[in-house]
């Protein structure tokens, strides 16, 4: 089960990063601000995936 959740989380992060890249291109976000956008979204998604993992494992 843990292995499945790890692969699922990696897939979700990859897809979110792909969509974030498309968002940056479509909204023409400057190159200087793009790392901050990616960092913020990745941190928020990691928190969400970690809380989901804790919920599945301990409830």
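The values are calculated or read from the model by the stated rules, or taken from the named source; none is laboratory data. Because the structure is a prediction, the values reported are computed rather than measured. Cβ sites come from the backbone with ideal geometry, for glycine too, and all protein chains shown count toward neighbours.
The table below gives the values:
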| quantity | calculated |
| --- | --- |
| Near pairs, Cβ below 9 angstrom, 6+ apart or cross-chain, from region 38-50 (farther than 17 Å from residue 23 by Cα) to any residue that is surrounded by 12 or more Cβ atoms within 10 Å (Cβ to Cβ) and at pLDDT 95 or above | 46/13; 48/12; 49/12; 49/13 |
| Subset of region 1-22 (residues that are surrounded by 12 or more Cβ atoms within 10 Å (Cβ to Cβ) and modelled with pLDDT of 95 or more) | 12, 13, 16, 17, 20, 21 |
| Residue within region 30-46 that is surrounded by 12 or more Cβ atoms within 10 Å (Cβ to Cβ) and not in a helix (DSSP H, G or I) present | no |
| Test for residue 25: is it at pLDDT 95 or above and either touching a strand residue (DSSP E or B) at 6+ places or on another chain (Cβ under 7 Å) or part of a loop (DSSP other than H, G, I, E, B) (or both) | no |
